[in-house]
């Protein structure tokens, strides 16, 4: 690990102690009093497994998928019932994967299980592969309650898709399907900073997305996870910054607002499953974030199903936050959305933001990374790219190690980072 970054992380946390994840698991997550609670459901099945993808996924098998969905409904019922009678309000619900659309005929049942325990007033988002963006599947998803889609296009450029091991996306057919079955938000995900990618490639993907019916786009930089087998080398920071700047300019020309480090939206469209103060995760690899803890479920479908059948939690690892580290986690995801509101911070933690991080905020202002507007702290373009560099460090130092371990050990005893 870079010693400068190590010292910076220790200064921010006011501690040199490593993060300690253990196999400690609550009978159910204590979420009853959690405010702004999001819900996330992971469906890990794919028709084929892309080498570059780091997420928890397995090849689709109809019988295994049915057994998994039975277990998923069991986890939802057990967690929901633990908070007592009545329904808890949730800010949102997102299905990720994998390819959740492979389970489209059953998603209505899963949504119904959630709605027995939670009020979900703000719509439902579902990720899907471009191959599943066909009218019949889209109608099934809409009938299940989906109001937002996130389509993993990755690129409309055949050359770049070939480097990812993916087939070309038929843009006219995709556009026709989305016109025939409308949704409030149609987000399209792309990967940038691929070897040989030019600014013209990136701009062409922006244009193609909006021509195909998107009103929201997400451009994520390629990250070379140690356990991924894509055979792709990440590009350098200078090329990455030039590509991101070109993407941002083109999105602005399309009338977009930049809504996070990587996302751009038109006409108020929204798609984000991560930027929540608290959230509950259901299914393999799903994470739960609450006021004092972060936990992640096992990555093994078989182990997950077995734990639920035994009436036990599928939690693999749990981190108990110190107050300072919980504040840092909150700030990390708030700045991911470009703006930190000091009033929200104080409301959540009971401590003024400037008392907790005044020196760090003043330094960031002097470096030109943020600007202050009353109680709001906004990332500048320079700060947004610095955030990307920090996020990549966090991803490789923490997520890469945790996910790499959990891909091989269903329930490890502990992990120190």
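All of the numbers you see were taken from the coordinates with simple rules; none came from a lab. The structure presented is a predicted model; accordingly, all values stated were derived computationally and were not measured. Please note: Cβ atoms are built from the backbone with ideal geometry, for glycine as well, and neighbour counts cover all protein chains shown.
Quick rundown of the values:
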read-out: Efficiency of FRET between residue 339 and residue 220 - r from beta-carbon atoms, R0 22 angstrom, step 0.05; value: 0.65
read-out: Contour excess over end-to-end distance, with Cα ends at residue 109 and residue 211 and 0.36 nm allotted per residue; value: 33.4 nm
read-out: Extension gain (nm, one decimal) between residue 239 and residue 332, 0.36 nm per residue minus Cα-Cα; value: 31.0 nm
read-out: Two-site FRET efficiency, residue 398 against residue 254, from Cβ-Cβ distance with R₀ of 35 Å, rounded to 0.05; value: 0.55
read-out: Residue among 212, 356, 228 with the largest mean-square fluctuation in a Gaussian network model of the chain, springs linking Cα atoms under 10 Å; value: 356
read-out: Rg/Rh (Cα only; Kirkwood hydrodynamic radius) as it applies to region 133-280; value: 0.97
read-out: 5 Å-binned pair-distance histogram of region 1-143 (Cα, whole percent); value: 2, 8, 15, 16, 15, 14, 11, 9, 6, 4, 1
read-out: Debye log10 I(q)/I(0) for region 28-265, one point scatterer per Cα, at q = 0.10, 0.11, 0.13, 0.16 Å⁻¹; value: -0.51, -0.62, -0.85, -1.20
read-out: Percent of Cα-Cα distances greater than 21 Å, calculated over region 161-244; value: 36 percent
read-out: Ordering of 398-409, 141-152 by burial proxy (mean other Cβ atoms within 10 Å per residue, highest first); value: 141-152, 398-409
read-out: Residue 136/residue 47 FRET efficiency (R0 25 Å; Cβ-Cβ; nearest 0.05); value: 0.95
read-out: Most mobile of 243, 72, 363 in a GNM of the chain (Cα contacts under 10 Å); value: 363
read-out: log10 of Debye I(q)/I(0), alpha-carbon scatterers only, for region 297-382 at 0.16, 0.17, 0.20 Å⁻¹; value: -0.68, -0.72, -0.87
read-out: Computed label-point distance, nm, for sites residue 89 and residue 351 using a 7 Å Cα→Cβ extension; value: 2.8 nm
read-out: Sorted by Cβ density within 10 Å, fewest first, the residues 285, 272, 414; value: 414, 272, 285
read-out: Cubic angstrom per residue, convex hull over Cα atoms of the chain; value: 137 Å³
read-out: Distance-filtered residues of region 348-383 - backbone nitrogen under 19 Å, label point 7 angstrom along residue 11 Cα→Cβ; value: 354-371, 383
read-out: Pair residue 382, residue 320: separation of 7 Å Cα→Cβ label points (nm); value: 4.3 nm
read-out: Share, in percent, of DSSP beta bridges within the chain that are antiparallel, nearest 5; value: 45 percent
read-out: Extension gain (nm, one decimal) between residue 287 and residue 20, 0.36 nm per residue minus Cα-Cα; value: 94.5 nm
read-out: Relative intensity, log₁₀ I(q)/I(0), of region 120-175 from a Debye sum that treats every alpha carbon as a point, q = 0.20, 0.24, 0.27 Å⁻¹; value: -0.75, -0.93, -1.07
read-out: Residue of 392, 371, 355 that the Gaussian network model of the chain assigns the largest fluctuation, springs spanning Cα pairs under 10 Å; value: 355
